[in-house]
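One structure below.
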Amino acid sequence: MHSLPTAVISLVQEQAEVRGLVRDPLPEVTHAVRTDDVVESGRWFGRSRTRRRTVELLLTPDVLVVTDRDPDREGPDPDAQVTFHRVHQLEVTAVDVPEPGLSLLSTPVGSTERSSRHVPSDGGPEVARFHGAVLEAAERSRRVAEVAPSAVPSSRVPSDAESVGSYSRELF
């Protein structure tokens, strides 16, 4: 968390407010993983261009924050993206074929349609631990939703902040 660039922290906080999250999700992050990927783009005067993309996955007890940005850019990145996924709606699978990584399926906060996304990785132990933490957080969040179907995670609705504010921050 401490290695997030200031521009990314500002972007996450700004987008959290725009998307209607009551509070900044960054202080509640329990697990995080960063992946770097080299993407080849179309040909430019006979040569293919490559660009790097960095994706950070930040897990809180009720929201998964996904940032996608250019790591070589100084200051704000106009192409940077941030999405927030409610953990109780999230389906995540670790895949090895065609390329290792995590596949996410959910309805991002502020969207009306489910979408999927593949986050490439090296498939190492850090990604496996993060995947396990996400699965555990999703299961815990679904159990809470079953017990109290009207409960909404406290980061989502101001009026529910007091009634549902007792989420455990320990995932193991």
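Cα gyration tensor of region 48-103, axes a ≥ b ≥ c as square roots of the eigenvalues: rounded (a/c below 1.5), prolate (a/b > b/c) or oblate?
oblate
Treat each spin label as a single point 7 Å out from the Cα along the C-beta direction, and report the residue 112 to residue 19 distance in nm.
Those two pseudo-labels are separated by 1.9 nm.
Which ³J(HN,Hα) values in Hz, rounded to whole numbers, follow from the phi angles of region 9-18 under the Karplus curve 6.51 cos²θ - 1.76 cosθ + 1.60, where θ = phi - 60° and Gly and Pro get x?
Result, rounded to whole Hz: 4, 4, 5, 4, 5, 5, 5, 4, 5, 4.
Bear in mind these aren't lab numbers, they're just calculated from the coordinates by the rules spelled out. This one's a predicted model, so the numbers in the text were calculated from it and none came from an experiment. Cβ sites come from the backbone with ideal geometry, for glycine too, and all protein chains shown count toward neighbours.
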